[in-house]
């Protein structure tokens with residue numbers, strides 16, 4: 001693959017200097033972000049090998065998994081039949097923020113996603129904390145996703161051969177389990193696929209996405225065939241408080257749509273394809289989730305569904321009076337959750353790669369294998385670190401902490417789109433947030449509302465996590481920041497250099 005770049009790139013393309021002021025207020029120009037990411041493509045960098053269909057499948061692969069296959073029963077336990085409203089409330093929160101992601105993903109198509117958007121608008125310190133929170137959204141959430149894999153794996157094994165793994169080795173810790181071995185296994189399998197290359201990973205994700213959508217459609221057909229309207233009454237037994245709490249839990253089911261923006265350097269025509277993929281994924285997943293929730297509550301009462309592991313298989317077994325149907329659902333869940341692990345681990349490694357490029361974390365995370373064009377060491381470190389909570393941490397604690405971290409990141413993204421509109425109105429945007437600025441303001445409001453619903457214990461954990469992140473930035477990131485150590489460069493010269501490289505990066509990529 002060869003990238004067409006201006007002949008003067010070597011001479012003029014120097015990183016733009018930070019804006020004057022404290023280190024936390026250093027801003028990295030969007031042009032420089034795009035130029036730096038594109039420059040890597042000429043050597044041992046990432047390859048643009050994903051098309052629009054693969055990107056949509058990647059987004060669905062990152063979203064649909066544990067949240068609906070495992071977390072549905074927890075959402076029902078909070079909201080009762082009003083789980084439908086909880087899913088819609090969580091979806092509305094995502095839609096407003098998805099608009100912001102779509103505009104920023106098209107304007108700044110780089111691997112850093114929310115972290116890079118904050119660096120271009122809110123300053124280095126805030127960007128680091130956003131990247132730190134992304135450890136919750138991607139790293140901790142992949143642990144939560146992996147935890148749920150063992151439950152459906154046991155359901156599948158029981159259906160096929162009448163034998164299951166011991167609960168102590170397969171159930172979530174705190175729910176009868178001691179060490180969750182299947183969670184570690186699925187993360188290792190995902191890592192093996194990721195280090196082989198993005199083309200192979202994208203193909204596997206696409207196949208798994210199509211399969212799990214088919215399984216969920218089959219579940220809806222079975223559940224609706226046994227629909228009883230009486231199961232929807234009383235509709236909201238816990239009133240508004242239950243709906244809000246349920247929405248906070250349901251929000252976990254949507255985590256992952258922003259992983260689409262982490263593929264900014266490996267997607268063909270990213271300024272067009274990223275916004276389209278985000279909108280398609282959110283719309284499709286919202287409709288699907290509401291149908292699944294309606295089918296589940298219509299087939300069995302909320303009391304029968306609430307808090308039950310592998311709830312979808314339980315419902316199908318009850319309706320069909322056979323374990324065969326439940327086995328099919330369990331197979332779909334095993335595939336679905338594995339695809340989420342794959343997609344979310346991918347997103348986490350690309351976030352860390354971007355932070356490493358900026359010097360805010362050790363350089364080992366930015367090393368790209370010349371043979372596979374993937375960050376191999378980065379991938380294995382992520383696997384080793386986050387396999388530990390997957391194996392030994394209770395699922396509920398992991399899900400709540402992951403949700404509040406994701407919501408905090410979304411607040412920063414909505415702020416970023418408003419700041420970038422003001423500071424860089426001329427920046428090319430293939431998609432623009434509708435009803436601006438009302439849409440990002442509403443996105444912030446909904447995010448804060450759902451953060452409130454996570455409860456005081458989660459807030460305390462999150463506050464402690466942010467304090468640790470601030471200390472890491474102060475003691476390590478601030479001193480090693482490459483932007484902070486860059487020599488001063490006049491604004492006009494920096495702009496010309498960045499524009500020169502950016503134009504080369506935007507040139508057609510041959511052989512992708």
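Each reported figure results from applying straightforward, stated rules to the coordinates on display, with no laboratory input. Remember, predicted model here, so these are calculated numbers, not experimental data. Here the Cβ positions follow ideal geometry from the backbone for every residue, glycine too, while neighbour counts run over all protein chains shown.
Rounding to the nearest 10 and keeping the result within 0 to 90°, find how far the Cα-based axis of helix 83-107 lies from the longest principal axis of the chain.
20
Provide 48, 432 in ascending order of the number of other Cβ atoms located within 10 Å of each residue's Cβ, fewest first.
Working: 48 23, 432 14.
Ranked by crowding around the Cβ, least crowded first: 432, 48.
How big is the gap, in Å, between the Cα center of segment 322-389 and the Cα center of segment 65-84?
25
Taking the Cα atoms only, what angle lies between the long axis of helix 52-63 and the longest principal axis of the chain, rounded to 10 degrees?
It is inclined by approximately 60 degrees.
Mind running the shape call on segment 49-473? Use the C-alpha gyration tensor, a ≥ b ≥ c as the square roots of the eigenvalues: rounded below 1.5 for a/c, prolate if a/b tops b/c, oblate otherwise.
It comes out prolate by the Cα gyration axes.
If the label point is 7 Å along Cα→Cβ of residue 457, which residues in segment 236-257 have backbone nitrogen under 17 Å from it?
Inside the label zone: 245-246, 248-250.
Sequence gap at least 6, Cα distance under 8 Å: using those rules, report the relative contact order of the chain to the nearest whole percent.
The normalised contact order for the chain reaches 35 percent.
Give me the angle, in degrees from 0 to 90, between the Cα long axis of helix 30-40 and the longest principal axis of the Cα atoms of the chain, rounded to the nearest 10.
Approximately 90 degrees, to the nearest 10.
For segment 199-341, what does the equivalent ellipsoid look like in terms of its semi-axes, each the square root of 5 times an eigenvalue of the Cα gyration tensor, given largest first in whole Å?
Working through the eigenvalues yields semi-axes of 31, 20, 12 Å.
Counting other beta carbons within 10 Å of each residue's own, what order do 459, 163, 132, 149 fall into, fewest first?
163, 459, 132, 149
Determine the principal axes of the Cα atoms in segment 387-481, then give the extent along each, sorted from largest to smallest and rounded to whole angstroms.
Principal axes ranked by extent give 48, 37, 23 Å for the Cα atoms.
Any chance you could check the Cα centroid distance between segment 103-121 and segment 128-143 for me, in angstrom?
Between the Cα centre of segment 103-121 and that of segment 128-143, the gap is 16 Å.
State whether segment 140-255 is rounded, prolate or oblate according to the following rule on the C-alpha gyration tensor (a ≥ b ≥ c being the square roots of its eigenvalues): a/c under 1.5 gives rounded; otherwise a/b larger than b/c gives prolate, and the remaining case gives oblate.
prolate
Is segment 71-172 best put as rounded, prolate or oblate by its Cα gyration tensor, with a ≥ b ≥ c the root eigenvalues, rounded for a/c under 1.5, and otherwise prolate when a/b is larger than b/c, oblate when not? Each step should come with its number before you reach the end.
Working: a/c = 2.93, a/b = 1.81, b/c = 1.62.
Prolate shape, in that a/c is at least 1.5 and a/b is the bigger ratio.
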